[in-house]
1. Can you go through A:29, A:72, A:78 and tell me which one is small (Gly, Ala, Ser), free of Cβ contacts under 8 Å to residues at least 60 places away in the same chain, within 19 Å of residue A:311 (Cα to Cα) and not in a helix (DSSP H, G or I)?
2. On the basis of being of a type in the set (D, E, K, R), surrounded by fewer than 18 Cβ atoms within 10 Å (Cβ to Cβ), without any contact (Cβ under 8 Å) to a residue 24 or more places away in the chain and more than 30 Å from residue B:160 (Cα to Cα), does residue A:141 make the cut?
3. What tally of residues in the range B:195-217 results from selecting those that are over 19 Å from residue B:121 (Cβ atoms) and outside any loop (DSSP other than H, G, I, E, B)?
4. Return the residues of the range A:252-267 that are within 14 Å of residue A:181 (Cβ to Cβ) and in a loop (DSSP other than H, G, I, E, B); say none if nothing qualifies.
5. Filter the strands (runs of 3 or more DSSP E) completely within the range B:81-194 down to those with at least 1 residues that are touching a residue at least 40 places away in the same chain (Cβ under 8 Å) and either farther than 30 Å from residue B:56 by Cα or in the same structural domain as residue B:225 (by TED's automatic domain parsing) (or both).
6. Go through the range A:222-261 and count every residue that is among the charged types (D, E, K, R) and at pLDDT 95 or above.
7. Given the criteria at pLDDT 90 or above, under 14 Å from the mean Cα position of the chain (by Cα) and either at the interface with chain A (Cβ under 10 Å from one of its Cβ atoms) or under 19 Å from residue B:94 (Cβ atoms) (or both), does residue B:175 qualify?
8. Might you check whether a residue that is buried (at least 18 other Cβ atoms within 10 Å of the Cβ) and either within 14 Å of another protein chain (Cβ to nearest Cβ) or of a type in the set (Lys, Arg) (or both) occurs anywhere in the range B:88-108?
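The values are calculated or read from the model by the stated rules, or taken from the named source; none is laboratory data. Note that the structure is predicted; figures quoted are calculated from it, not measured. In this analysis, Cβ positions are derived from the backbone assuming ideal geometry, glycine residues included, and neighbour counts consider all displayed protein chains.
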Amino acid sequence: MTLTVIKPGLQTTIQAGPRVGMRHLGVPASGAADALSLALGNRLVGNNLLAPAMEATMAGVSVRFDSDTSFALTGAQASADLNGRELAFHTTLAARAGDELHVGLARTGARVYIAVAGGFVVDEILGSASTYLPAALGGHEGRALREGDRIAVGQSSGMPTEHETPAEFRPPVSRTWALRACRASEFALLDDNGKDRLFDTNYTIGQRADRMGMQLEGASFNVSSQGRMASAPVFPGTIQCPEDGRLFILSADAQTTGGYPRVAQVARADRHMLGQLRPGDHVRLLWRDTRSATDELRAKHDYWREWLPDIAQVV
Amino acid sequence: MRSRSSRETLDTRILVCGDDLLSVSLDDIRACQELADRLRDSGDWLESVAGIDSVMVQFDSATIDIDLATKRLDEELRQAPDAPDTEPELAEVPICYGGEFGPDLGDICEQLDLTRDEFVALHVGREYRVDMLGFTPGFAYVGGLDDALNVPRRKQPRVRVEAGSVGIADGRSGIYALAGPGGWPLIGRTPLKLFDASEADPFRLHAGMRIRFQPVDRDEFDTIVETIAQS
């Protein structure tokens, strides 16, 4: 059973769960930039929450189903149709062999997930099926999908009884985001003015925005280190302050070490949102001490567990 | 009365870096590697990564409170470092210098006012250590370069650098385990296979390992590549 790519769009990759426990070897997490949307899609087609799905960036994607398949769309807001018939997101959908699915430009948010019953079948490399483009690892031949690619689909293990994500479990996708964040290792190197403004600025996501990270524009900061610092570990959600004073938020493909001061760290509970930020979006950082951030993470897990029992593997 | 609150007795080198991240500042890269390895082996942490002068660990904040994580880290930090029972493994890394494998070698020699042979003699003339893996999967930062070989990174990174490429920059050699983009000026390439996804331990080089470079010519390079392909 396969699915064929008709139009690959800007950057469509196979993404599943992250690579864990290999950052000391230089191996980044990768995986779905918005893992919550990946999980919601997989939930609707009866897959493991982190089963491999398609992640389409900004410009959408067109594919043809080569056999009868159940699928679901989640993530960014975009128009979508099957052979010209409009489709709803967050719903279990049925495709017949030969049907063509078109996902259009994302109106808000950056990434749409297409989950199919059985999941996409690609080789697992270093513990995950996720594509890591910079090193051509994982996914479909380590690269973004191209026209004509045929991707194998696995055996469905049985469909769920509910076929729609309840309204209270559809994450809002917006042009304005609030990300809870904690102070990080080099926060103390900011000058007093910078310490005040870090959590009190309306940032805009810059043009450079990809799976590795995003520029935060709208304020410039001074750190009192002499130029660059010795390379130190960084993680998805780390907010760096390079020499030019413009903050950079690292995302799913964050490299494992970096040479810039780390001034803040997006709280674990909100890291999945990084995958939906796009150039021009407005962002505020909400300061949390680590204990409140942990309490809020656990409250979020408690809320989501009703629909996604394995939420702690996802967020 | 002396206060016994845990806060005051915790090691001051521990820094909270997020709701699931803790960092330890150390002054020595070997101490960083030893601690990072020890923490990873303890099984208490999701990730344990050494930098040049710090170690960062990630824990599962859904089930472990930050106070407990900090206390564990503090205890593990207080334990005496593992005495190295053996010298770290020595990896012999053959390099075919210059030509298509080392397109920047000519420029570097000109910059440093060295002949090609002088450059190679200086580069193979000592034992090195892998300071860390990072930047891209398996990329080895190899420390200990002769001061006479200090050059900056390229202003324009290359879109593609082949696997096995060896560069130098900012006092280190860098070895690319995988093909990908890269900004290090390239001096040559090793025929060794540095990444093999089918192995349980897919990377040939690791932090802390000792390294010796050996110059090989193009024929020897090809022979080694063939031998590896057949085995």
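1. Details: A:29 fails: free of Cβ contacts under 8 Å to residues at least 60 places away in the same chain; A:78 fails: within 19 Å of residue A:311 (Cα to Cα).
When all the criteria are applied, what remains is A:72.
2. On the way: of a type in the set (D, E, K, R): yes; surrounded by fewer than 18 Cβ atoms within 10 Å (Cβ to Cβ): yes; without any contact (Cβ under 8 Å) to a residue 24 or more places away in the chain: yes; more than 30 Å from residue B:160 (Cα to Cα): no.
In short, no.
3. Initial filter on the range B:195-217 (over 19 Å from residue B:121 (Cβ atoms)): B:195-210.
From what's left, outside any loop (DSSP other than H, G, I, E, B): B:195, B:203, B:210.
Within the range B:195-217, residues that are over 19 Å from residue B:121 (Cβ atoms) and outside any loop (DSSP other than H, G, I, E, B) number 3.
4. We begin by selecting, within the range A:252-267, every residue within 14 Å of residue A:181 (Cβ to Cβ); these are A:262-267.
The one that is within 14 Å of residue A:181 (Cβ to Cβ) and in a loop (DSSP other than H, G, I, E, B): A:267.
5. Values: elements: B:90-97, B:128-133, B:140-143, B:158-161, B:165-169, B:172-175, B:180-182, B:186-189.
Strands (runs of 3 or more DSSP E) meeting the threshold: B:90-97, B:128-133, B:140-143, B:165-169, B:172-175, B:180-182, B:186-189.
6. Keep residues of the range A:222-261 that are among the charged types (D, E, K, R), which gives A:228, A:243-244, A:246, A:253.
Still in the list and also at pLDDT 95 or above: A:253.
The qualifying residues number 1.
7. On the way: at pLDDT 90 or above: yes; under 14 Å from the mean Cα position of the chain (by Cα): yes; either at the interface with chain A (Cβ under 10 Å from one of its Cβ atoms) or under 19 Å from residue B:94 (Cβ atoms) (or both): yes.
Against the criterion (at pLDDT 90 or above, under 14 Å from the mean Cα position of the chain (by Cα) and either at the interface with chain A (Cβ under 10 Å from one of its Cβ atoms) or under 19 Å from residue B:94 (Cβ atoms) (or both)), residue B:175 qualifies.
8. Checking the range B:88-108: not a single residue is buried (at least 18 other Cβ atoms within 10 Å of the Cβ) and either within 14 Å of another protein chain (Cβ to nearest Cβ) or of a type in the set (Lys, Arg) (or both).
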